[in-house]
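Take a look at the structure set out below.
Throughout, read-outs are computed from the coordinates displayed, never taken from laboratory work. Computed from a prediction, not measured in an experiment: that's the story for all the values here. Glycine also receives a Cβ, built like all others from the backbone with ideal geometry; neighbour counts cover every protein chain displayed.
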Amino acid sequence: MAKYDVVVIGAGPAGYVAAIRCAQLGLRTACVDSWRNHDGGHALGGTCLNAGCIPSKVLLESSELYQQAQHGMAEHGITVGEVKLDLAQMHTRRREVVEALTGGIAGLFKTNKIDAYAGHGQLQVNNRVQVTPLDEGEPQVLEAEHVILASGSQPVDISVAPINGEQIVDSWGALEFPEVPKRLGVIGAGVIGLELGSVWRRLGAEVVLLEAQPDFLSLCDQDVAAQALKSYRRQGLDIRLGCRVTGSHATKRGVTVQYQDAEEQAQELKVDRLIVSVGRRPCTEGLAAGDVDLELDEKGYVDIDANCRTSLPKVWAIGDVVRGPMLAHKGSEEGIAVAERIAGQPGHVNYDAIPSVIYTHPELAWVGRTEAQLQRAGVDYRVGTFPYAASGRALALGEKEGLVKILADAATDQLLGVHIFGHSASEMIAEAVVAMEFGGSSEDLARTVHAHPTLSEAVHEAALAVDRRAIHIRNRR
Ligand code: FAD
Ligand code: NAD
């Protein structure tokens, strides 16, 4: 029986990062992963690399270029001839980027002497892991001092719109449409709905998003969400809030969706394709053998303590299969922290400073708490905002839509939340995350020199605005 210090189950961004860090720390490490691509082949990287973060960002980038080539050049005085879409080439590029990255992980595993097993891993008693190979070879058992569970998540399906892989698809299917649907329906105007809805809208589809909640992006700061909603609607995303889907009927020619609108009127929507993006749920089926007492919480996540320890000795769990935001970087940081804890070091994840990004155009990014959360918690705070329209760099870029909003403690000035809707928000938020990680204040950001002309000056100005001393806007008292 092969023996390891650590066996990791799952090679998504939580599991593969944990495995690499374990190996760096001198632990003999194996990683078992059961990902299967649509062609049946195995690849490392989990949802993030194969069907999530990376392929969606490739298509977001390509579709934005297509949009810019069609509509964004004239104001710069550039006349472009007929712009044509080669969707097959766009998909080829998507696959190439994914293959480069998943192949890169295989290379990193080799360099770090991590044994990779392509198969389904199941936790058994005494920290043994049974591997059932994907190629249907004989199962084998690995012995481990420590096991890290990183089996990730999968899309939630709803009985009123069952996925059939053709007309009704989940987020993975929605990355692979062979042609641009004329009419596209999306159930759920959350992160996936907005990102993938944007991709296909930019490529020419009419897109309708049916969202059950009456509020748009209820987890975001509502000032910022309101601006984003206006912007998305202007882009042609038909976002319908407070809509409850009651049924659907798929035929070869398309899908008819029945729903109740916000006024509780029965409505019907006819589309060529339908994406169901109503959230994801943890993958725990078959993860532990029947006689292993692995505790799950009330929502079905593997139950863990603050340090990612499960109910079983020397069994840890990280990433989407445990509580917290379903984000690649959150899982990776937990993976690093757990590896360090196993090696006797103090691992660390600051759950109060995890950035979130929605990669629409403009992008939406935030870290920390929203105004509503602060109000609910009774925290006294001050607000500083700065619009992109007052930023020289934003105007030079032709990207004047958006704002930076900073929330700071009224008494101590400590940063409590930073919310950005605007071009490159995904990159700009990093400054706020670092400042919050260091326990920084709005005054710290205000006293930091920012290069001119950059978009990051908007963060500087929003920080000045907390104290009503922004330079390039009128400060309201
Ligand atoms: P996963 O990436 O799901 O990996 C788990 C792996 O474990 C998989 O390979 C799975 O096959 C394998 N596995 C499961 N059970 C077993 C078993 N019993 N034995 C062996 N292997 C097993 N997050 C971001 O931060 N940024 C983004 O831009 C972003 N975009 C996204 C876009 C889309 C369309 C989707 C769907 C998700 C996106 N996410 C994004 C979320 C992100 O993909 C997840 O948070 C992340 O992949 C979770 O990492 P993980 O390692 O926990 O799980
Ligand atoms: P989500 O939670 O972001 O959005 C789901 C939306 O569907 C919500 O607004 C919810 O109110 C709505 N909804 C739920 N049931 C519904 C129903 N029956 N009818 C209509 N609307 C309904 O989930 P998602 O968009 O599926 O994404 C899943 C996870 O993947 C997210 O938690 C996110 O963290 C992660 N993800 C992250 C990124 C990113 O970081 N950029 C991108 C994609 C996905």
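What list do you get for 351, 301 if you sort them by fewest beta carbons within 10 Å? Numbers along the way, then the final one.
Working: 351 12, 301 18.
Neighbour counts put them in this order, fewest first: 351, 301.
Residue farthest toward the positive end of the dipole of the stretch 25-184, with Cβ of Lys/Arg at +1 and Asp/Glu at -1: which of 178, 118, 144?
Towards the positive end, the residue furthest out is 144.
If you take the alpha carbon radius of gyration of the stretch 310-356 and divide it by 2.2 N^0.38 Å, what ratio comes out, to two decimals?
Details: Rg = 10.8 Å, N = 47, 2.2 N^0.38 = 9.5 Å.
With N residues counted in the stretch 310-356, Rg over 2.2 N^0.38 Å equals 1.14.
Using just the alpha carbons, could you tell me how many Å³ per residue the convex hull of the stretch 402-474 encloses? Present the calculation step by step, with values, prior to reporting the outcome.
Working: hull volume 6.1 nm³, N = 73.
Residue-normalised Cα hull volume stands at 84 Å³.
Distances longer than 28 Å among the Cα atoms of the chain: what percent of all pairs is that?
It works out to 58 percent of all Cα pairs.
Calculated FRET efficiency, residue 427 and residue 230, Cβ-Cβ r, R0 25 Å, to nearest 0.05? Display every interim value, and only then the final one.
Details: r = 23 Å, r/R0 = 0.93.
E between residue 427 and residue 230, to the nearest 0.05, is 0.60.
Rounded to the nearest 500, what is the 222 nm mean residue ellipticity of the chain from helices alone, with -39500 (n - 2.57) per DSSP H run of 4+ residues and division by all residues? List each step's numbers first, then the result.
On the way: 13 runs with 144 residues, N = 477.
That calculation yields -9000 deg cm²/dmol at 222 nm.
Where a ≥ b ≥ c are the square roots of the eigenvalues of the C-alpha gyration tensor, would you call the stretch 354-403 rounded, which needs a/c under 1.5, or, failing that, prolate if a/b is larger than b/c, or oblate?
Oblate.
Semi-axes of the equivalent ellipsoid for the stretch 196-342, please: Cα gyration tensor eigenvalues, times 5, square-rooted, ordered largest first, whole Å. Don't skip to the end; give the middle numbers.
Details: eigenvalues 290, 79, 44 Å².
They are 38, 20, 15 Å, listed from largest to smallest.
Please go through the stretch 49-103 and write out the trypsin sites (Lys or Arg not before Pro) that DSSP classes as loop and that have at most 14 other C-beta atoms within 10 Å. Walk me through the numbers before you get to the answer.
On the way: sites: 57, 84, 93, 94, 95; in loops: 84.
Taking the stretch 49-103 and a limit of 14 other Cβ atoms within 10 Å, the loop trypsin sites (Lys or Arg not before Pro) found are 84.
Might you report the magnitude of the Cβ-based charge dipole of the chain about its Cα centre, with Lys and Arg at +1 and Asp and Glu at -1, to the nearest 20 debye? Each step should come with its number before you reach the end.
Numbers: 45 positive and 61 negative charges, 181 e Å.
Dipole magnitude for the chain comes out near 860 debye.
How far apart, in nanometres, would the label points at residue 293 and residue 477 be if each is projected 7 angstrom from Cα along the Cα-to-Cβ direction?
Taking the two extended label points, one gets 6.7 nm.
How would 460, 450, 348 line up from fewest to most surrounding beta-carbon atoms within 10 angstrom?
Details: 460 23, 450 16, 348 11.
By the 10 Å Cβ count, ascending, the order reads 348, 450, 460.
Give me the number: length gained by fully extending residue 83 to residue 412, i.e. 0.36 nm times residue separation minus the C-alpha to C-alpha distance, one decimal in nm. Numbers along the way, then the final one.
Numbers: separation 329, 0.36 × 329 = 118.44 nm, distance 5.39 nm.
Going from the current span to full extension adds 113.1 nm.
Can you put 412, 310 in order of Cβ neighbours within 10 angstrom, beginning with the fewest?
Values: 412 10, 310 23.
Fewest-to-most Cβ neighbours within 10 Å comes out as 412, 310.
Identify all lysines with a Cα-Cα distance to residue 110 below 22 Å; exclude those on the same chain that are fewer than 8 residues away in sequence.
Those lysines meeting the cut-off are 3.
Would you please report the Å³ per residue occupied by the convex hull of the alpha carbon atoms in the stretch 134-174?
Details: hull volume 5.7 nm³, N = 41.
Given the Cα convex hull of the stretch 134-174, per-residue volume reads 138 Å³.
Taking 7 Å along the Cα-to-C-beta vector as the label spot, tell me the residue 71-residue 96 distance in nanometres, rounded to one decimal.
2.8
Taking +1 at the Cβ of each Lys and Arg and -1 at the Cβ of each Asp and Glu, which of 463, 404, 415 sits farthest along the dipole of the stretch 353-466 towards its positive end, judged by Cα position relative to the Cα centre?
About the Cα centre, the residue reaching furthest to the positive side is 404.
If a paramagnetic tag sat 7 Å from the Cα of residue 3 along the Cα-Cβ line, which residues of the stretch 340-380 would have the backbone N under 20 Å from that point?
Within reach of a label on residue 3: 342-344.
How much length would be gained if the chain were fully extended between residue 182 and residue 145, taking 0.36 nm per residue of separation minus their Cα-Cα distance, in nm to one decimal?
Details: separation 37, 0.36 × 37 = 13.32 nm, distance 5.44 nm.
Length gained, residue 182 through residue 145: 7.9 nm.
The stretch 111-206: which GluC sites (Glu not before Pro) are DSSP loop and have at most 13 other beta-carbon atoms within 10 angstrom? Write down the numbers at each step before the final one.
Details: sites: 136, 143, 145, 166, 176, 179, 195, 206; in loops: 136, 166, 176, 179.
For GluC sites (Glu not before Pro) across the stretch 111-206 that sit outside H, G, I, E and B with at most 13 neighbouring Cβ atoms in 10 Å, the list reads 136, 166, 179.
Please compute the length gained on full extension between residue 166 and residue 212, using 0.36 nm multiplied by the number of residues separating them and subtracting their Cα-Cα distance.
On the way: separation 46, 0.36 × 46 = 16.56 nm, distance 2.37 nm.
Stretched fully, the residue 166-residue 212 segment lengthens by 14.2 nm.
All other residues with a Cβ under 14 Å from the Cβ of residue 234 taken together, and with Lys, Arg as +1 and Asp, Glu as -1, what is their net charge?
Working: positive: 201, 202, 230, 233, 400; negative: 238, 401.
Computed value for this residue: +3.
In the stretch 168-275, with Lys and Arg counted as +1 and Asp and Glu as -1 at Cβ, which of these residues, 257, 225, 192, has the Cα nearest the positive end of the dipole, that is, farthest along it?
257
Which trypsin sites (Lys or Arg not before Pro) in the stretch 355-428 pass both tests, a DSSP loop state and at most 16 other beta-carbon atoms within 10 Å? Display every interim value, and only then the final one.
Numbers: sites: 369, 376, 382, 393, 400, 405; in loops: 369, 400.
Those satisfying the criteria are 400.
Give the whole-number value, in cubic angstrom per residue, of the convex hull volume spanned by the C-alpha atoms of the stretch 353-466.
Numbers: hull volume 9.8 nm³, N = 114.
With only Cα atoms used, the stretch 353-466 gives 86 Å³ per residue.
Working only with C-alpha atoms, what are the Rg and Dmax values of the stretch 168-275, expressed in angstrom?
My reading of the Cα-based Rg and Dmax gives 13.3, 42 Å.
If each Cα of the stretch 28-104 is one equal point scatterer, what is log10 of I(q)/I(0) from the Debye formula at q = 0.23 Å⁻¹?
Treating every Cα as an identical point scatterer, log10 I(q)/I(0) equals -1.04.
Can you give the FRET efficiency for residue 268 and residue 350, using 1/(1 + (r/R0)^6), R0 = 60 Å, r = Cβ-Cβ distance, to the nearest 0.05?
Computed FRET efficiency for residue 268 and residue 350 comes out at 0.80.
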